[in-house]
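A short worksheet on the structure shown next.
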Amino acid sequence: MLALLSLKTFNPAYAQVQEDFVYVDTLIPSIHLDIRYASANNFIGGPIDGYYRPCALLTQTAAEALMAAQNELAKFNLGLKIFDAYRPQRAVRHFVRWSQDADDVAMKDVYYPHLDKPSLIEEGYIAARSSHSRGSTVDVTLVDLNNGEELDMGGFFDYFGPESWSYAKTPTTMQRAHRMLLQTVMEKQGFVHYPQEWWHFTLANEPYPDTYFDFPVQ
């Protein structure tokens, strides 16, 4: 049975819609979570606004499609690891504020060594709105189900640069094969990939295509 989202505090205006969100690992116990924005392990270097707990939330429709992808990968002793799922709009605003702070470049050498902060907006890496806030977008990679180790994808989550593009030329043949396997399995279950980020997928028939939610991840 699907576990519906229950929040201790939330805006009543969102109550009806929030009931359609689920905790992904409740629906898919075998999935791995590494929710970067609830930690300091991200391009800002600290927890992001709205992330109070390292959990993954998605609309029920998207979570069920992700479960089908996980089941498909399990045939090869592989699975998915989630870096981010539903993202509150307040987190997106946090990203934009950070991008406008020229003095905060603590994580530049790791995540955007060849770009300055204004370029992150200009090139579309950071925007005022994100599909994640609609509840049916997820950032994932492949893992070995036996030991939980990530497969080599030829790059890492949230690296801002052409190396992260789905069809980048820099990865090796094996790394490109891993990217294509992830893309193929996700697309088979109705997700559309974002060409600038090999890890980013949005459900094509998302239930709330025009709604950007702001309830917290907790």
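Shape descriptor for the stretch 98-162: Rg over Rh equals 1.04 (Cα atoms; Rh from the Kirkwood inverse mean 1/r). Distances between placed amide hydrogens fall under 5 Å for Gln196 paired with Ser166, all partners being 5 or more residues away or on another chain. Taking a straight line from the alpha carbon of Lys169, these lysines sit under 29 Å away, with near neighbours fewer than eight places off in the same chain left out: Lys75, Lys81, Lys108, Lys117, Lys188.
When Rg and Dmax are taken over the Cα atoms of the stretch 96-218, they come to 15.7, 43 Å. Taking the average, over residues, of other Cβ atoms within 10 Å as the packing measure, peptides 122-132, 28-38 rank 28-38, 122-132 from highest down. Taking amide H positions as modeled 1.01 Å from N, with prolines and chain starts lacking one, the residues under 5 Å from Phe191 and 5 or more places away or on another chain are Ala204. Taking the Cα centre of the chain as origin and assigning +1 to Lys and Arg Cβ atoms and -1 to Asp and Glu Cβ atoms, the resulting dipole is close to 200 debye.
How high is the relative contact order of the chain, in percent, counting Cα pairs under 8 Å that sit 6 or more residues apart?
Numbers: 400 pairs, mean separation 52.4, N = 218.
Once divided by the residue count of the chain, the mean separation gives 24 percent.
Scoring 81-89, 63-71 by mean Cβ neighbours within 10 Å over their residues and listing the highest first yields 81-89, 63-71. For the stretch 117-122, the Karplus equation 6.51 cos²θ - 1.76 cosθ + 1.60, evaluated at θ = phi - 60°, returns couplings of 4, x, 5, 5, 6, 4 Hz by residue, with Gly and Pro reported as x.
Would you mind estimating how fast the chain diffuses translationally, via Stokes-Einstein at 20 °C and 1.002 mPa s with the Kirkwood radius over Cα pairs, in µm²/s?
121
Volume of the convex hull of the stretch 44-125 (Cα atoms only), normalised per residue: 142 Å³. A dipole drawn for the chain from +1 and -1 charges on Cβ atoms has a positive end, and of Gln196, Gln18, Gln89 the residue lying farthest that way is Gln18.
Computed 3J(HN,Hα) for the stretch 176-181, one whole-Hz value per residue from the Karplus formula 6.51 cos²θ - 1.76 cosθ + 1.60 where θ = phi - 60°, is 5, 5, 5, 4, 5, 5, glycine and proline marked x.
Mind putting a number on the dipole of the stretch 90-218 about its Cα centre? Charges go on the C-beta only, +1 for Lys and Arg and -1 for Asp and Glu, and I need it in Debye to the nearest 20. List each step's numbers first, then the result.
Numbers: 11 positive and 19 negative charges, 66 e Å.
Dipole about the Cα centre, nearest 20: 320 debye.
Taken together, the values in this text are just the output of simple stated rules run on the coordinates, not laboratory data. These numbers come from a predicted model, not from an experiment. Methodologically, a virtual Cβ is constructed for each residue, glycine included, from the backbone with ideal geometry; neighbour enumeration extends over all protein chains shown.
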